Structures are given as C-alpha cells and as structure tokens.
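The values are calculated or read from the model by the stated rules, or taken from the named source; none is laboratory data. Values in this document were obtained by computation on a predicted structure and should not be read as measured data. Cβ atoms come from the backbone with ideal geometry, glycine included; neighbour counts cover every protein chain shown. Heavy atoms of the whole protein, side chains included, go into the accessibility calculation; ligands, DNA and RNA do not. Shrake-Rupley method; radii C 1.70, N 1.55, O 1.52, S 1.80 Å.
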Amino acid sequence: MSYGEPIALRGQIELEQVAPATLVEARPQFEAQFIDRLKRGEAAAFEILVNERSGEIYGLLYRLTESSEEARDLTQETFLRAFQSIDRFRGDASLKTWIYRIAINQARNRWRWWRRRRRDATVSLDATSDQFEKPLAATLPSDKSPSPEQQTLARERETQIREALCGLRQSYRVAVILRDVEGFSYEEIAQTLQISIGTVKSRISRGRLELRRQLEGSL
C-alpha cells in the first residue's frame, strides 16, 4: 500500500495556504478508537491521517528546510514511517505530537546527511535573560487593513525572518518554529522533542534573542 501520491499532492500547496495547527483536533474519546484503527492497518484511517495532517507537516518541514522539494520528500517519509511504526505508538503523547516528532526526526536525519557531504555552518549563541520571552512577531507593528505598500513590506519582513531562522542553531530553530509559528505549548514542545520544559524555554529564549540580533536594523 502506498500513501506517497496523496502526500506529494498535498505537499505542493503553497506555504501561504498552509495554516499550521488550524485543523479541528480529534476529541479525546475518539482518538483512542482512531489509533486502534491505525494499528489494525485500516487504509481509510491512514488516508484520514494523511489528509488531516500532511498540509501542516509539509508547512513545518518547509520552514525547517526552506526547500519545497525537501519538504515534500520528508513529508512522505514522515507518513511512511508513521505507517511502519504505529504499532509502537504508546500513547504517552497525542497523535499530533507523535507525528510532529517523527517529522522533526526525519528533518534531523536529513541535516546530518547533508553535513556529511557539504559544509554546514553552525551559529554559536550566547546565553540570554528572561526579557526576551515575547515572540518576535509580538514586538513588530501590524495593521488591520494594510495598504499594498504595507503588504509588500510585510512580505519582505517575512522573508527576512525566514532567512534569519535558517541562521539559527538547529535546536533553537525547531523550538522557535514550534512555539511561534506552529503555536505549540511549552508542554507540547517538551513532549515532541523529548526534553524538559526548562530546556524548551531556554532554547526559545536564546533563539528569539539571536533572531533579534540578526534582524537588528532591518525591521
């Protein structure tokens, strides 16, 4: 059974059309039943999983890789890995968190692969204080009815932020994207990355500080 075709199709959606974490979550009393269907290998259940999650997983992987081709490939690999390992899903986190964990691990594996074949600069960051707890977007002005000029500036600002994100250390980039783009709680990020909440907060704070340093004077 192959799930590559619907995944690849959904992966071609433009990033602007991918609204992360906007789908209606499964009710807790139904998720256990749905997981049982997945474990039984029901094709219809996996089709539902792909249809409901592939768009946001593609969006996450695009932000992590900045490559639509890489994001499509990794999205397909994510769901194939989920299909192969669903029997080992223990239910210690939500199904969504589990899928995100697989996607991030696939991206990490791809980063390691590229590092063995080309130079991959790593940014060293200094410690920061609690004064940088607000998301970067919260410090930027916004308008309810932007003019065409303002829309152009907003797109340029978004491009600058994406480029700055790519300059972050991998662990900081993942944490900032999960919190400020995907809207995950600290607890969800801790479950997804399998680290402590304190480490989550530290990575987010340091990542935001480095973003501000990179963007200073340009926004």
Quick check on the stretch 203-210. Is at least one of its residues touching a helix residue (DSSP H, G or I) at 6+ places or on another chain (Cβ under 8 Å), in a helix (DSSP H, G or I), open to solvent by less than 60 Å² (accessible area, probe 1.4 Å) and over 25 Å from K96 (Cβ atoms)? yes
Matching residues, the stretch 163-181, being outside any helix (DSSP H, G or I) and crowded, with 20+ Cβ neighbours inside 10 Å: L168
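Would you check if S196 is at pLDDT 90 or above and either within 20 Å of E56 (Cβ to Cβ) or open to solvent by 50 Å² or more (accessible area, probe 1.4 Å) (or both)?
Numbers: at pLDDT 90 or above: yes; either within 20 Å of E56 (Cβ to Cβ) or open to solvent by 50 Å² or more (accessible area, probe 1.4 Å) (or both): yes.
Yes; evaluated as a whole, the condition is true for this residue.
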Can you tell me which of E56, E42 is at pLDDT 85 or above and open to solvent by 40 Å² or more (accessible area, probe 1.4 Å)? E42
Residue identified as open to solvent by 60 Å² or more (accessible area, probe 1.4 Å) and modelled with pLDDT under 90 among Q33, Q84: Q33
What's the number of the only condition in (1) aliphatic (A, V, I, L, M); (2) buried (at least 20 other Cβ atoms within 10 Å of the Cβ); (3) at pLDDT 90 or above that L64 fails to meet? (3)
